[in-house]
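Student: Could you have a look at this structure, given as structure tokens, before my questions?
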Amino acid sequence: MKNDISAIGNALVDTVFKVEHSLITELGLEIDQMTLSSAEEHSPIIERLIASGAETVSDCGGSATNSLVAAASFGAKCFHTCKVSDDQDGIRYLESIKEAGIGHKGNMANASSHPSGKCLILVTPDAKRTMTTALNVSSLMDEDDLDFEQIANSKIFYIEGYMVTSEDNYNVTLKALDHLKSFPEVKIALSLSDPGLVMGFKNKFQELESYGLDYIFGNDDEAKAFIDEDDIDKALTKLQEKPYTSIITMGEKGSVVVTKDKVISSPQVNITPIDTNGAGDMFAGSFMYALLQNQDLKSCADFANYGASKVVETFGPRLTQESYREVLNNYKKS
């Protein structure tokens, strides 16, 4: 049976904390941005967060993981390429994606070499999320972690933008793309992931683009960074010159789908935001699921906006299984 979506991304255990802006400043982090850290750099941050008594929730994550969990919860057949160690976090991670119905090759690194990846997500009262990530073993993927057969036997291959931050992961991603040259029927989708990431690794994003993308996902800041424009309207115009479809979230303005022929707008769902963490991942997973149901682009964006709004109303990057069903039922009724 064909996979609906296979993805490649970092396997992380996410821990989300509710904090004030002052604590983020104290920790030397930049509001609403992602910072890469080592396991050693994480330790004092974790100690300070625990000492603050911040409300917290923990789950298995990573950007591509969250998107796959959403799509799988709606009924898509999904497969993930990632790496964990044989430690408590790694075992928990693999159990979590198995429970979500997501396939995985199953390799685990020796826990004595590198721990599994961790991401600390700090959510402020304005619902913005600031992340500090220790990729650890998740950044050390090699060809043995790839299942070329599963990737080629997919309708969509989804690349998490964070794969550019590690030479090992980036090279593995290129190997997967090289393999897919023999399987042109597999659609290739890329997440831009973070505006600072796009700016810092522009050459790598351009190389990924050169393989022949079918879709990119990003927010307005990421789109501007990707296309080298300070004005979002100019960025969208430039994206219309691209051969692929660009799906861009626009905050309070909802989202737009950009093709050569038109820019399709989908309005925001009015909610009271609690936590924007995981909203973009939910959006991408929901959009791809609707796309695979042969829905038109406007319907895909409407469904993705609604799914993302439910995550923003929730503390943490995931919904309960009941909430995923509610999102899907709302989609089926519309």
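Student: Starting from region 204-228, take each residue that is among the hydroxyl-bearing types (Ser, Thr, Tyr) and list its partners that are surrounded by fewer than 19 Cβ atoms within 10 Å (Cβ to Cβ) and part of a helix (DSSP H, G or I), counting only C-beta distances under 9 angstrom and pairs at least six apart or across chains.
Tutor: As it stands, the answer is TYR211/LEU174; TYR211/ASP178, since those pairs meet every condition given.
Student: Mind listing just one residue for me: the one in region 176-204 that is assigned to a loop (DSSP other than H, G, I, E, B) and of a type in the set (Gly, Ala, Ser) and, of those, farthest from TYR158 (Cα to Cα)?
Tutor: SER182
Student: What about ASP230, is it farther than 22 Å from ILE8 by Cβ, out of contact with any helix residue (DSSP H, G or I) (no Cβ under 7 Å at 6 or more places or on another chain) and loosely packed, with under 14 Cβ neighbours inside 10 Å?
Tutor: No.
Student: I'd like to verify a number: residues in region 254-281 that are within 29 Å of GLN33 (Cα to Cα) and either modelled with pLDDT of 90 or more or touching a Ser or Thr at 6+ places or on another chain (Cβ under 7 Å) (or both), how many?
Tutor: 17
Student: Given (1) assigned to a helix (DSSP H, G or I); (2) modelled with pLDDT under 95; (3) of a type in the set (Ser, Thr, Tyr), identify the lone condition not met by THR173.
Tutor: (2)
Student: So VAL137 clears everything in (1) closer than 30 Å to GLY75 by Cβ; (2) under 19 Å from the mean Cα position of the chain (by Cα); (3) not basic (Lys, Arg) except one condition, right? Which one?
Tutor: Result: VAL137 passes all but (1).
Student: For region 151-200, give me each residue that is crowded, with 18+ Cβ neighbours inside 10 Å and of a type in the set (S, T, N, Q).
Tutor: Of everything in region 151-200, those that are crowded, with 18+ Cβ neighbours inside 10 Å and of a type in the set (S, T, N, Q) turn out to be SER154, THR165, SER166, ASN169, THR173, SER191, SER193.
Student: Name the pairs: first residue in region 294-316 and closer than 13 Å to TYR331 by Cα and of a type outside the set (Gly, Ala, Ser), second residue modelled with pLDDT of 95 or more and part of a helix (DSSP H, G or I), Cβ to Cβ under 7 Å, at least 6 apart or on different chains?
Tutor: The qualifying pairs are CYS300/PHE287; CYS300/ALA290; CYS300/LEU291; PHE303/SER286; PHE303/ALA290.
Student: How many residues does region 265-277 hold that are β-branched (Val, Ile, Thr) and surrounded by 18 or more Cβ atoms within 10 Å (Cβ to Cβ)?
Tutor: Of the residues in that region, 1 qualify.
Student: Then there's this: If I go through region 31-56 residue by residue, how many of them are within 19 Å of the chain's Cα centre (by Cα) and either hydroxyl-bearing (Ser, Thr, Tyr) or at pLDDT 90 or above (or both)?
Tutor: Total satisfying the criteria: 2.
Student: Continuing with this model, one more query. When SER96 is evaluated against the numbered criteria (1) touching a Cys at 6+ places or on another chain (Cβ under 6 Å); (2) in a strand (DSSP E or B); (3) of a type in the set (Gly, Ala, Ser), which criterion, by number, is the only one it fails?
Tutor: Condition (2) is where SER96 drops out.
Student: Of everything in region 263-304 that's in contact with a Gly (Cβ under 6 Å, 6 or more places away or on another chain) and outside any loop (DSSP other than H, G, I, E, B), which residue is nearest to VAL57 (Cα to Cα)?
Tutor: Checking each candidate, the answer is MET282.
Student: I'm checking my understanding of the structure. Among residues of region 127-172 that are free of Cβ contacts under 8 Å to residues at least 24 places away in the same chain and of a type in the set (D, E, K, R), which one is nearest to PHE201 (Cα to Cα)?
Tutor: Applying the filter and picking the extreme gives GLU167.
Student: Kindly evaluate LYS260 against the criterion of being farther than 16 Å from TYR306 by Cα and in a loop (DSSP other than H, G, I, E, B).
Tutor: Yes; evaluated as a whole, the condition is true for this residue.
Student: Quick one: in region 108-130, of everything that is surrounded by 16 or more Cβ atoms within 10 Å (Cβ to Cβ) and over 24 Å from LYS310 (Cβ atoms), which residue is modelled with the lowest pLDDT?
Tutor: ALA111
Student: Only residues that are out of contact with any strand residue (DSSP E or B) (no Cβ under 7 Å at 6 or more places or on another chain), at pLDDT 95 or above and surrounded by 24 or more Cβ atoms within 10 Å (Cβ to Cβ): list them for region 282-299, please.
Tutor: Selection gives GLY285, SER286, TYR289, LEU291.
The values are calculated or read from the model by the stated rules, or taken from the named source; none is laboratory data. Predicted model only: the values in this text are computed from it and were never measured. Here Cβ is always computed from backbone atoms with ideal geometry, including for glycine, and neighbour counts include all displayed protein chains.
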